[in-house]
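Each reported figure results from applying straightforward, stated rules to the coordinates on display, with no laboratory input. Here the structure is a predicted model, which is why all the values come from computation and not from measurement. Note that each Cβ is placed from the backbone with ideal geometry, even for glycine, and that neighbours are counted across all protein chains shown.
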Amino acid sequence: MTFGAARGDRRDGMLSVTDWVRVAEIAEELDLSPLRRRLGMAGIEHRITQESGQQVLWVAEGAAMDEVISILRGVSYQLPLKGGRQWPGQWPGLAEQCRRTPVLIASLVLSVFGALLVYWRFDWVHWLTFQDFVLLSPREISFGSVEEALAKGQYWRLVTPVFLHFGLFHIAFNGMWLWEFGRRIEAFAGSLHLALVMLFSAVVSNWCQYVWEGPSLFGGMSGVLYSLLGYLWIRNWIAPNRALALPRGIIGFMLAWLVICLTGLVDLIMRGSIANAAHVSGLVIGMVLGAVFGIAGARQAAD
């Protein structure tokens with residue numbers, strides 16, 4: 001893709017380019033539907049013409065060119081090939097990805113903070129757990145009531161356990177997969193979309209873990225991670241887009257890890273126990289959300 005504003009003075013059918021500005025030349029095989037949707041949402045009047053085997057983007061004279069260029073850069077690596085095929089393009093650099101994914105970065109920072117809190121200030125951890133608790137001895141905990149906590153307005157407890165991490169492996173494993181999954185969704189669908197998916201997944205997976213296990217000290221981003229995995233898996237299956245496509249083997253590895261955890265083998269070699277109910281419920285709710293938004297996206301593309 002090459003772009004740079006320039007005035008035009010030619011005509012293509014009914015399109016008078018005298019009052020239009022030539023902005024970009026884009027490979028003919030790319031599907032520009034995502035770009036056109038973004039420009040339309042921004043209220044930017046535009047046209048696409050064919051020229052010498054390329055697609056040429058024109059915008060109405062007087063359009064906010066900085067915004068046009070920003071949209072172009074934002075979607076340039078998301079454009080799929082026509083016919084739903086995948087495009088093996090490159091992701092932007094680390095700094096650019098961080099700029100585009102504030103919700104992901106905030107989630108990573110809060111997760112690291114939660115891990116440090118467990119390590120250095122465990123006496124504060126009870127403020128972030130699903131149930132309040134009192135540590136009676138190093139091996140004895142007295143849990144409060146969820147209903148009592150919610151009656152006091154402590155609704156943050158439905159979410160905050162996802163930020164607690166117990167050990168270096170726990171935060172490293174979850175942080176790696178949160179980065180891998182979250183950046184794709186936020187760059188493609190936006191920060192608000194990712195925030196809502198993560199928030200809903202956190203509440204559902206935490207609640208399911210509590211219902212299944214009963215009063216217990218649990219935490220970690222794993223339930224949300226499996227939700228994001230399910231979302232990417234099903235949404236990209238229904239409406240393929242290279243921005244959402246995971247590298248080959250990741251889905252198989254994560255599902256295999258889920259099964260291994262369900263067998264109890266991991267509990268034997270690691271301190272603590274795996275929150276399997278959070279994993280399974282997270283995966284299911286992510287698949288449902290992926291199906292809902294995948295179908296909506298496919299219908300929008302067809303229109």
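Which FRET efficiency value, to the nearest 0.05, do you get for V134 and V112 by plugging their Cβ-Cβ distance into 1/(1 + (r/R0)^6) with R0 = 35 Å?
Once rounded, the FRET efficiency stands at 0.85.
Two decimals, Cα atoms only, Kirkwood Rh: what is Rg/Rh over the range 94-302?
Answer for the range 94-302: 0.98.
Calculate I(q)/I(0) for the range 210-255 by the Debye formula, one identical point scatterer on each C-alpha and no solvent, and give its log10 at q = 0.19, 0.30 Å⁻¹ to two decimals.
Reported log10 I(q)/I(0), two decimals: -0.68, -1.14.
Mind sorting L108, L194 by how few other Cβ atoms lie within 10 Å of their own Cβ, fewest first?
Fewest-to-most Cβ neighbours within 10 Å comes out as L108, L194.
What order, most packed first, do the peptides 140-147, 68-75 have when packing is the mean number of other Cβ atoms within 10 Å of each residue?
Ranked by mean Cβ neighbours within 10 Å, highest first: 68-75, 140-147.
About the Cα centre of the range 17-62, how large is the charge dipole given +1 on each Lys and Arg Cβ and -1 on each Asp and Glu Cβ? Please answer in debye to the nearest 20.
220 debye
Exposure proxy check: W237, W120, W58 ranked by fewest other beta carbons within 10 Å?
W120, W237, W58
Long-range amide H contacts for A243: which residues qualify at under 5 Å (H placed 1.01 Å from N, peptide plane, sequence gap of 5 or more or a different chain)?
none
If each residue's Cβ is checked for other Cβ atoms within 10 Å, how do C261, C98 rank with the fewest at the top?
So the ranking, lowest neighbour count to highest, is C98, C261.
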